[in-house]
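Data block below; observations after.
The values are calculated or read from the model by the stated rules, or taken from the named source; none is laboratory data. A quick note: this is a predicted structure, and the numbers were derived from the prediction, not measured. Glycine also receives a Cβ, built like all others from the backbone with ideal geometry; neighbour counts cover every protein chain displayed. With ligands, DNA and RNA removed, areas are computed over all heavy atoms of the protein, side chains included. Shrake-Rupley method; radii C 1.70, N 1.55, O 1.52, S 1.80 Å.
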Amino acid sequence: EGFSSVNFFLSLYRFQACVYFASVFQAMSCGIHYLASVFMAVTPNFICGIPGNVSSVLFYNSSESSIEDIWTLWTSTENYIVVQLENGEIWELNQCSRSKREVSLDLAYEYNGNKSIFSCSDGFLYDDTKWKSTVVTQWDLVCDREWLAKLIQPTFMLGVLIGAVIFGDIADRLGRQRVIWFTSAGQFVFGIAVAFTFDYYSFVIVRFLLAMVSSGYLVVAFVYVTEFVGIKARTWASMHVHAFFAMGIMVVALVGFLVRTWWVYQIFLSIATIPFVLCCWMLPETPFWLLSEERYEDAQKVINIMARWNKVSTPCKVSEVCSVQHDNLVSGRTDDNDTSSTKKHNILDLFCNWHIARRTITVWLIWFTGSLGYYVFSLSSVSLGGNEYLNLFLIGAVELPCYIIACIAMDKLGRRNTLIPFLILSALICVLIMFIPQDFNILIILANMAGKFSIGVAFGLIYLYTAELYPTIVRSLAVGSGSMMCRVGSVVAPFCVYLRSVWIFMPLLLVGIMALLSGILTIMLPETLGKPLTNTLVEATEMGRKKKSCSEKTPPAHSGAALEKIEMFGQETVSTEK
């Protein structure tokens, strides 16, 4: 088991390894931009602006000459500061209002006389001891404009949802290579452009476009590396894309620690992956897509390049593979002419009967819960106390072993038997955190890392499990709809984190309830480890009801053979000498 990850890397030949690592390296930029707002849009301590020159400042029993000296004593948003101006006026400065004392005899913190209340027409004063500048301080996104700051992450996640749909479709039409070129260049261009936006609305619009291309790249990168790596390495290859995303989160923590001005911070994050932008044009189109478009000569060129890199003397001939596929497709059309070939499937097929409908609801709930928990643990990590930069770094780092554990467990214990305990464990951890005293910062951080680990395992394996639970005719539809629920969870997550202002444990309570419910419902899902993929809704319905017969059942010969030949094509260019 300990050598599973090593075997994954050994199973990649030279060409596939170069393509794989070049592609997943850019996935770091997706993790960077997804979580960049945790430091870029932070709200520091602030008070109403002062309508004149200050001569003295009073905060409880502490008297200072400037407001900057008071921030170290600031403990609550309910606090206020008393200042005396050079003209003798005395003002009380709150966060969203200021009041002028009618009687200015002496400077005292407590005052029971008459006051005139004014709005913060002179702007705000911010604590810049931690962050020199954020988008909140840049455009005064506090008080009655606070809701604008809270929309920054949800609007980004909405762009993620739309980008996944748009670029996933474009990649099927125009090819994976062109989308990878455009989205990787777009991440760099829009990432830099964010730093030079002139107001809040242009900032949100450019970030929305950045979210679309980042999401588009991540979706297409999964498909791209899957179509290039061999069958044996496919599970590990897809799971380790998540690991590079987690490394992007770690980069955010490091850059946030070193750079405290938001637009400089954004520029550094955007140029972190510029090496890929400069060389991504060298990545080839996948032979699978070229064959689907009947561009046989181009596919043969890519195969020949793969053969030269991998030192294969007799590369696969496209004409041989195409003739085999053509024979299988012809026989498939003859057998199914009156059934599946004439029927168009839609989302309602995922609810065609009670068993499939229950399965779909459970799978959607797991997708939603996984995404919700993932981003709640990530976004709230900077509010756990202690060093917020270290907290975010550790929350990202804990994902690296989590995907290795997920790959090993799902192959040894099974998909369902791995998913259930980790979902329930994440729910229990959410409850445990509520009982940890708030001054035990280290223990709270470790518990949150454990929660992120457990939800990460569940989130990582649901991709493959969903594909195995549904038949061929609706498999892409099932994975696509599950991914949409995942995006919905990512949009809801920031709002869930904001509920900390209502009750500090409210986000954990919601994640815990969803995780527990998902874990219980998962018990009713069938195990798919070691079972052949189903091809019809009837087979998918029967899966798990009659364990013995289902485990011995094999797919129809014509559909299974066609799939097998296509899979063999992905391996032939690297397996000729074996």
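For region 349-378, the set of residues classified as closer than 22 Å to LEU477 by Cα, of a type in the set (Val, Ile, Thr) and open to solvent by less than 30 Å² (accessible area, probe 1.4 Å) consists of ILE356, THR360, THR362, VAL363, ILE366, THR369, listed by residue number. For region 455-495, a residue qualifies if it is touching a Lys or Arg at 6+ places or on another chain (Cβ under 9 Å), modelled with pLDDT of 85 or more and open to solvent by 10 Å² or more (accessible area, probe 1.4 Å), and exactly one does: PHE495.
For THR534, the conditions (1) modelled with pLDDT under 80; (2) open to solvent by 20 Å² or more (accessible area, probe 1.4 Å); (3) in the same structural domain as ILE361 (by the TED database) all hold with the exception of (2). Meeting the requirement of 1 or more residues that are open to solvent by less than 30 Å² (accessible area, probe 1.4 Å), touching a Lys or Arg at 6+ places or on another chain (Cβ under 9 Å) and among the hydroxyl-bearing types (Ser, Thr, Tyr), the helices (runs of 4 or more DSSP H) wholly within region 379-454 are 415-434. Restricting attention to region 387-435 and to residues that are at pLDDT below 90 and among the β-branched types (Val, Ile, Thr), the residue that is farthest from ARG500 (Cα to Cα) turns out to be ILE408. The requirement of being closer than 20 Å to ARG14 by Cβ, of a type in the set (D, E, K, R) and touching a helix residue (DSSP H, G or I) at 6+ places or on another chain (Cβ under 6 Å) is fulfilled nowhere in region 291-314; no residue meets it.
Scanning region 260-278 for residues that are in contact (Cβ under 8 Å) with a residue 40 or more places away in the chain, assigned to a helix (DSSP H, G or I) and closer than 30 Å to ASP127 by Cα gives TRP262, TRP263, VAL264, TYR265, GLN266, ILE267, LEU269, SER270, ILE271. Taking first residues from region 279-290 that are of a type in the set (D, E, K, R) and partners that are open to solvent by less than 10 Å² (accessible area, probe 1.4 Å) and modelled with pLDDT of 80 or more, the Cβ contacts under 7 Å between residues at least 6 apart in sequence or on separate chains come to GLU285/GLY175. For the structure I just gave you, tell me whether MET449 is in contact with a helix residue (DSSP H, G or I) (Cβ under 7 Å, 6 or more places away or on another chain), assigned by the TED database to the domain that holds ILE420 and without any contact (Cβ under 8 Å) to a residue 24 or more places away in the chain. Against the criterion (in contact with a helix residue (DSSP H, G or I) (Cβ under 7 Å, 6 or more places away or on another chain), assigned by the TED database to the domain that holds ILE420 and without any contact (Cβ under 8 Å) to a residue 24 or more places away in the chain), MET449 does not qualify.
Please find, within region 139-153, the residue that is surrounded by the most Cβ atoms within 10 Å (Cβ to Cβ) out of those that are part of a loop (DSSP other than H, G, I, E, B) and out of contact with any strand residue (DSSP E or B) (no Cβ under 9 Å at 6 or more places or on another chain). Top of the filtered list is LEU141. Counting only residues that are open to solvent by 20 Å² or more (accessible area, probe 1.4 Å) and at pLDDT 85 or above, region 168-183 holds 3 of them.
Among the residues of region 472-486, write down those that are of a type in the set (S, T, N, Q) and within 20 Å of the chain's Cα centre (by Cα). Passing the criteria: SER481, SER483.
For region 487-509, residues that are over 19 Å from the mean Cα position of the chain (by Cα) and of a type outside the set (D, E, K, R) total 8. Restricting the search to region 187-216, which residues are more than 18 Å from the chain's Cα centre (by Cα) and either in contact (Cβ under 8 Å) with a residue 12 or more places away in the chain or not assigned by the TED database to the domain that holds TYR265 (or both)? Answer for region 187-216, where residues must be more than 18 Å from the chain's Cα centre (by Cα) and either in contact (Cβ under 8 Å) with a residue 12 or more places away in the chain or not assigned by the TED database to the domain that holds TYR265 (or both): PHE188, PHE190, ILE192, ALA193, VAL194, ALA195, PHE196, ASP199, TYR200, PHE203, VAL204, VAL206. Among residues of region 151-178 that are touching a residue at least 24 places away in the same chain (Cβ under 8 Å), those with a beta-carbon under 7 Å from a residue that is surrounded by fewer than 16 Cβ atoms within 10 Å (Cβ to Cβ) and of a type outside the set (Lys, Arg) at least six positions away or on a different chain give the pairs PRO154/PHE495. Applying the criterion of being open to solvent by 20 Å² or more (accessible area, probe 1.4 Å) and outside any loop (DSSP other than H, G, I, E, B) to the residues of region 9-22, the residue that is farthest from THR75 (Cα to Cα) is ARG14.
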